[in-house]
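Values quoted throughout were computed directly from the atomic coordinates according to the rules given, and no laboratory measurement underlies them. Keep in mind the model is a prediction, meaning the values are calculated, not measured. Quick reminder, even Gly has a Cβ in these numbers, built from the backbone with ideal geometry, and neighbours come from all protein chains shown.
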Amino acid sequence: MYALSKLEIITYLNGHNDDELFSLADQVKGKVFGNEVYLRAIVEFSNVCNKKCFYCGLRAPNSKINRYRLDLPTIIEAAETAVLNGARTIVLQSGDDFSYSRNQIGELVRSIKDSHDVAVTLSIGDRGLDEYAYWFECGADRCLIKLETSNPELYKQIRSGESFNERLNRLESLRLMGYEIGSGIIVGLPDSNIKDILQDILFLTDLKLDMIAAGPFVPHPDTPFADAGAGDLLQSYRVTALLRILNPKTNIPATSALDSFDQRGRELGLGRGCNVIMPSVTPSAHRADYNIYPGKNSVAIDVSDSLAQAKNMIRSLNLIPSLSKGSSKRSSNNVQ
Ligand code: SF4
């Protein structure tokens, strides 16, 4: 039984009452999170990827991108600067770049956790479960494994033959290991329709996730989806608002993809059910090369400015940048 019927969800997705939907989502968010917005500082430490996802600029066949890999001291320095500037969660993110060994990732996690009272999130793709188990022992708290769609056939198509069930099983295994888990979708993928979006919303809700991200599709010129139409920004807000109502305690970020459509994209998201902002703290020399979609990380700023901008934006909305780690309010796996 969902807090909204399927008919109500479809009616909202069709845009019949956006004001009511966004206001309801904001109220639900306020009851659970008050005025606080959680900050997750993302260090995008490598844009090398062995996968071929049709929607992503980091895909292995894209020869136009400047590839980079940060060394461990540089990653740790970026994380430390983020912590000194108020971040209480560090997200270590990369493409599926298996050149970093199990021990190197473990060393990164340990180094950050031993020096600071922060949560560490891993967003590094389809690594082995034995590796994830080791990183959990090293102190990693959370994992992000995006599904992008709940339609296995569409998943296979957009992720160039990958298995939806394998990805889903990985997510469930990480939950059992003790991680807080997050996933998400892209709203408006080519060949998707409103029934797919309904299915995505219900599927993500049934997964009882600690974090859900839903951002609009942005076509990248150097991918097979270069000529596809962009997702609908308003529809993306409807999706996050509906996810908020159906998942009151789940952390839901205002994704950076929103800003690709509108400079105030994330600000609007914070008033429509989102409670998390994830500023990139990747060193400025490489930020623009983490080009998953056009517009991502397009402004070259340093770590402290990136966090200061995020905090100023939050305050400008009469909200408060949280000083907590922002652990899941629904998980038994959470950290303080
Ligand atoms: S979505 Fe992730 S796995 Fe797919 S190509 Fe991009 S970085 Fe690689």
Distant-in-sequence amide H partners of Asp232 (H built 1.01 Å from N, under 5 Å):
Phe217
Convert each backbone phi in segment 77-94 into a coupling constant with the Karplus relation 6.51 cos²θ - 1.76 cosθ + 1.60 (shift: θ = phi - 60°), then list the ³J(HN,Hα) values in order as whole Hz, x for Gly and Pro.
4, 4, 5, 5, 4, 4, 5, 5, 9, x, 6, 10, 9, 10, 9, 9, 10, 7
Amide H of Ser160 versus every other amide H placed in the peptide plane: which residues, excluding those fewer than 5 positions away on the same chain, fall under 5 Å?
Phe54
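Quick check: convex hull of the Cα atoms in the chain, volume per residue, rounded to a whole Å³? Could you put the intermediate results ahead of the total?
Details: hull volume 40.1 nm³, N = 336.
Spelled out: Cα convex hull of the chain, divided by residues, is 119 Å³.
Which order do Arg110, Arg287 fall in if you start with the one that has the fewest other Cβ atoms within 10 Å?
Numbers: Arg110 17, Arg287 21.
Going from sparsest to densest Cβ surroundings: Arg110, Arg287.
Kindly put Asp232, Asp259 in sequence by how many other C-beta atoms sit within 10 Å of each C-beta, fewest to most. Intermediate values should be presented prior to the final figure.
Numbers: Asp232 16, Asp259 19.
Least crowded to most crowded, the residues run Asp232, Asp259.
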Going by how many other Cβ atoms sit within 10 Å of their own, how do Ile75, Ile112 line up, fewest first?
Ile112, Ile75
For segment 194-336, just say rounded, prolate or oblate: build the C-alpha gyration tensor, square-root its eigenvalues into a ≥ b ≥ c, call rounded for a/c under 1.5, and beyond that prolate if a/b exceeds b/c, oblate if not.
oblate
Three-way shape call for segment 221-264 based on the alpha-carbon gyration tensor, with the a/c threshold at 1.5
prolate
Out of all DSSP beta bridges in the chain, what portion is antiparallel? Express it as a percent rounded to 5.
5 percent
Model label zone, Asn318; criterion: amide N under 20 Å from point 7 Å along Cα-to-beta-carbon; scope segment 268-290
268-276
Taking θ as phi - 60°, what are the ³J(HN,Hα) couplings along segment 46-51 by the Karplus curve (6.51, -1.76, 1.60), each to the nearest whole Hz, with x for Gly and Pro?
7, 9, 7, 8, 8, 9
Whole-Hz couplings from phi, Karplus 6.51/-1.76/1.60, listed for segment 146-154; x for Gly and Pro
6, 9, 6, 7, 9, 8, x, 5, 5
For a quick check: with amide H placed at 1.01 Å from N, whose amide H comes under 5 Å from Arg330's, ignoring anything fewer than 5 positions away on the same chain?
none
